[in-house]
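The values are calculated or read from the model by the stated rules, or taken from the named source; none is laboratory data. Note that the coordinates shown come from a computational prediction; the quantities given were computed from them, not determined experimentally. Note: ideal-geometry Cβ built from the backbone for every residue, glycine included; neighbour counts use all protein chains shown.
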Amino acid sequence: MNNLMPWDNGKLIVSENGRFLQHADGTPFFWLGDTAWLLLKRTTREEALTYLRDRKNKGYNVIQIMLVHDLTTPNAYGRAPFRDLDLDQPDAEQSAEYTSYWSFADEVIGMAEHEGLYVALVPVWGSVVEYYRTNAETAERYGEWLGNRYMDRPNVIWLNGGDIRGSDNTDVWLKMGRALRKAAPEHLMTFHPYGRTQSSKWFHNEDWLDFNMFQSGHRSYDQMEETNPDTLVGEDNWRFVNTDWAKVPAKPTMDGEPSYEDIPHGLHNLDAPRWKADDVRRYAYWAVFAGAFGHTYGHNAVMQFHTEDRGVGAYGCTRSWTDALDDDGAKQMIHLKHLILSRPFDERTPDETAICGDPGYRYDRLFVNLGRSYMMAYTYTGRIITIRLGLFSGKRAAVWWFNPRTGESVSAGEVDNEGTHEFVPPVVVSAPGNDWVLVLDDADQEFAAPGLPLSR
């Protein structure tokens, strides 16, 4: 039996070109995250293990967790994170009769490690810092304490911030980041920003920020505020990737909080439509094909670990998280990970110039990834794709259609790898949600079908 853990390939590092993550031995790392913000607050150890094993089995490799959501509400064992609402007094004592808040956190992080999962930990949610007016010196001490506590855990990644602008309490985030880096230099770190903003706006040049994260947010095109530049992107999360790719020095970037499955458009209007599997799939493929090194999925019920006995939860949630684990979007994310890893990972770059004509507007937009020996193009609507060939190696191109809903591939023969060519997806009608990926390979490479492990 192979018991190899991801970190057995070495710690996570940024690739030499500054665009991706990989292990120290060169093994590529595609971040497929799930949002489990209240895991430490609302689950027992048995429930936490149920959740972690489910996500492992569905192909996720990073779990995003708040270490501290608020200072007053106890966890499932009746313990709050600090004594006297003081970040300098963590509830960390442990005995045979007493499970402290932080000993439970240790258990859950250990469970994730045993399952081969990374945990991306938010030290303290931004609203706590805002409400209690946490000062930078306290944040620094707390960051040092956290870094020392988890420095030897191979599966820890840090998400500084927590749904907040970096311009709010900037000194807190700077001190926290620097303290964590000093205490735990082997762990990667980013900043989880406020909706429709990105970490690079404030911290791109900070040494502790290894990769960028943006929160594309939950608003639809119809909910854009034309007078507010932050919301003009609407659902175009790929625009954040473009912005980060233009920055120097190059740093990897990803969407750490897109629209969640089964959450109302815009969050707060409970009568608004809810985001479905088609939508969360689109957010993932758009970001990754624009150049993101991975993606994080989220579900309304799962992220808050809602149970029916709680009545109506945040954002109108009434479903049990255990039921929501198997929603379609959650099960379909693995197909993107398999697709990207089925071709040489470190060659992948976005290349809009390969598209003949207008890339398209909103849902009809096309995205192209180009490698030295392959090309991929994503259409959310199943529109006809006209591509300029001859941009990758080989005289003949093997043609595949990859289905993001099922992870299955269909061979469509070969074409000459030159000139321009029109490719028609296997759809009856072009419409949002009829998404397909066109995969073109150097036929001489004899790659396995898209989505299968890389082999030549």
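Here residue 26 passes the criteria (1) closer than 18 Å to residue 7 by Cα; (2) more than 25 Å from the chain's Cα centre (by Cα) except the one numbered (2).
Scan 93, 97, 16 and give me the residue that is closer than 24 Å to residue 204 by Cα and free of Cβ contacts under 8 Å to residues at least 12 places away in the same chain. So that I can check it myself, show each step before the final result.
Values: 93 fails: closer than 24 Å to residue 204 by Cα; 97 fails: closer than 24 Å to residue 204 by Cα.
Exactly one residue qualifies, and that residue is 16.
Any residue at all in the range 137-160 that is among the small types (Gly, Ala, Ser) and farther than 30 Å from residue 50 by Cα? So far as the range 137-160 goes, yes, one or more of its residues are among the small types (Gly, Ala, Ser) and farther than 30 Å from residue 50 by Cα. The single residue among 393, 320 that is touching a Ser or Thr at 6+ places or on another chain (Cβ under 8 Å), surrounded by fewer than 21 Cβ atoms within 10 Å (Cβ to Cβ) and assigned by TED's automatic domain parsing to the domain that holds residue 37 turns out to be 320.
Taking residue 343, is it modelled with pLDDT of 95 or more, part of a loop (DSSP other than H, G, I, E, B), among the basic types (Lys, Arg) and closer than 19 Å to residue 55 by Cα? Reasoning before the result, please.
Numbers: modelled with pLDDT of 95 or more: yes; part of a loop (DSSP other than H, G, I, E, B): yes; among the basic types (Lys, Arg): yes; closer than 19 Å to residue 55 by Cα: no.
So residue 343 fails the test.
Looking at the range 125-169, which of its residues are aromatic (Phe, Trp, Tyr), farther than 23 Å from residue 110 by Cα and free of Cβ contacts under 8 Å to residues at least 40 places away in the same chain? Answer for the range 125-169, where residues must be aromatic (Phe, Trp, Tyr), farther than 23 Å from residue 110 by Cα and free of Cβ contacts under 8 Å to residues at least 40 places away in the same chain: just 131.
Looking at the range 84-95, can you tell me whether even one residue there is outside the structural domain of residue 406 (by TED's automatic domain parsing), in contact with a His (Cβ under 9 Å, 6 or more places away or on another chain), on the phi < 0 side of the Ramachandran plot and part of a strand (DSSP E or B)? Checked against the condition, which is being outside the structural domain of residue 406 (by TED's automatic domain parsing), in contact with a His (Cβ under 9 Å, 6 or more places away or on another chain), on the phi < 0 side of the Ramachandran plot and part of a strand (DSSP E or B), the range 84-95 yields no hits at all. Of the listed requirements (1) touching an Asp or Glu at 6+ places or on another chain (Cβ under 6 Å); (2) part of a strand (DSSP E or B), residue 52 misses just one: (2). Among residues of the range 251-278 that are part of a loop (DSSP other than H, G, I, E, B), those with a beta-carbon under 6 Å from a residue that is among the small types (Gly, Ala, Ser) and crowded, with 24+ Cβ neighbours inside 10 Å at least six positions away or on a different chain give the pairs 258/216; 260/298; 275/259. Among the residues of the range 207-235, those that are buried (at least 19 other Cβ atoms within 10 Å of the Cβ) and either assigned to a loop (DSSP other than H, G, I, E, B) or modelled with pLDDT under 85 (or both) comprise 208, 209, 210, 211, 216, 217, 218, 219, 233, 235. Being over 16 Å from residue 437 (Cβ atoms), small (Gly, Ala, Ser) and surrounded by 24 or more Cβ atoms within 10 Å (Cβ to Cβ) is the filter here, so list the residues in the range 249-292 that pass it. Scanning the range 249-292 gives 256, 259.
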